[in-house]
Amino acid sequence: MKNASVKNGFGVGILIFAAAAIIALPVRTLQFFTILESGTGFYSKTDWSVWVLYAVIAAAIVSIVAFGMTKRKKLDYSLAVQKRPGMGVASFLAAAGVLLDSANSIIAVMNINETADEMSKPAATLLCGQAIFAVLSAIYFLALGISYIGGKTNGSEYRLVSLAPVLWSIFRIVYRFTRTISYTRVSDLMLEMLMLAFMIMFFMAFAQVNSRVNSENCEWKIAAYGLPAALLALICFVPRLIVTLSGHSELLYSQSSAEFCDLGTALFIISTVTARVADRVTAIPDKTDEE
């Protein structure tokens, strides 16, 4: 018997992701310098860039998820034990990013406690949970990175902490619900909420498939949910970083700075989809077998 498979099982989805990122990142960066109000994140007006940005994001998400659903029984996830240096580096970057998020969460809790405001206590509790699960997520990413660099395991044995990124993302999104501000008028907040929703679904699917727990036909979710999460994470991070490095950080929404955990998780997701998701291998009869 001979084995036949297509190397890039989610190639079309990856192309859609790349095209959307190429269009959306410059458009979003332009918005900070033109139509976003300094410090508040409100749109001062609705021009062509707003419609283009949302149209590109919506089209990319719908296309990627739809493509994933069409291949829900045709995709596979490689659990081969081998060295994966690219994924190892991405895992280490993700670990560094979430550790930094944990530190920022602890600092935010300390600032809240100094105000002694009863209304702020729920937010402080959520930030504590975010900090704790960020540390556990960092441990998980570090363990995966060591496995990928060493090539001695595939990382499926870390089941106990595999849900840490899911819970970390849940605490992040719930914390944002505590902000008494419009989700539609503040585009940064809306983009973050969408990003975290897809991250929760991606990390849940990743935990299932990578740990081999109720993972049958869940491989498509890694790509279909992961790429939208990565796209939104890049849209949230890259333009803000450009604005900050340009010396105009005052243009950013006061509660939405460039968070390196978004970049780290985006790189981890992209490396996972490109390196481990492929078309399911099918067996075809060899001519010698027929004879």
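For this structure, a couple of remarks:
- Cβ-Cβ contacts under 7 Å between residues 6 or more apart (or on different chains), taken from a first residue in the stretch 207-229 that is within 15 Å of Val62 (Cα to Cα) to a second residue that is in a loop (DSSP other than H, G, I, E, B) and not basic (Lys, Arg), are listed as Ala223/Phe10.
- Restricting the stretch 247-291 to residues that are at pLDDT 85 or above and β-branched (Val, Ile, Thr), the residue that is farthest from the chain's Cα centre (by Cα): Val277
- Residue under evaluation Phe92, criteria (1) within 23 Å of Lys221 (Cβ to Cβ); (2) open to solvent by 10 Å² or more (accessible area, probe 1.4 Å); (3) assigned to a helix (DSSP H, G or I), criterion not met: (1)
- Within the stretch 59-88, the set of residues being outside any loop (DSSP other than H, G, I, E, B), touching a residue at least 24 places away in the same chain (Cβ under 8 Å) and of a type in the set (Val, Ile, Thr) comprises Ile61, Ile64, Val65.
- Some residue of the stretch 103-111 being on the phi < 0 side of the Ramachandran plot, over 17 Å from the mean Cα position of the chain (by Cα) and outside any helix (DSSP H, G or I): no
- Residue match in the stretch 43-62 (condition: closer than 18 Å to Ala21 by Cβ, at pLDDT 95 or above, out of contact with any Phe, Trp or Tyr (no Cβ under 8 Å at 6 or more places or on another chain) and of a type in the set (S, T, N, Q)): no
- Ile139 falls short of the stated requirement of being surrounded by fewer than 21 Cβ atoms within 10 Å (Cβ to Cβ) and either within 16 Å of the chain's Cα centre (by Cα) or among the charged types (D, E, K, R) (or both).
- Per-region count, the stretch 178-203, residues at pLDDT 85 or above and not acidic (Asp, Glu): 14
- Selection status of Ser49, in a helix (DSSP H, G or I) and more than 23 Å from the chain's Cα centre (by Cα): yes
- Of residues in the stretch 36-46 being within 19 Å of Leu245 (Cα to Cα) and either open to solvent by less than 50 Å² (accessible area, probe 1.4 Å) or of a type in the set (Ser, Thr, Tyr) (or both), the one nearest to the chain's Cα centre (by Cα): Gly41
- Any hit, the stretch 78-87, residues being closer than 30 Å to Ala164 by Cβ, buried (at least 19 other Cβ atoms within 10 Å of the Cβ) and in contact with a Ser or Thr (Cβ under 6 Å, 6 or more places away or on another chain): yes
The values are calculated or read from the model by the stated rules, or taken from the named source; none is laboratory data. All of these numbers come straight from a predicted model, not from anything done at the bench. In this analysis, Cβ positions are derived from the backbone assuming ideal geometry, glycine residues included, and neighbour counts consider all displayed protein chains. To get the accessible areas, we keep the full protein, side chains included, count just its heavy atoms, and leave off ligands, DNA and RNA. Shrake-Rupley method; radii C 1.70, N 1.55, O 1.52, S 1.80 Å.
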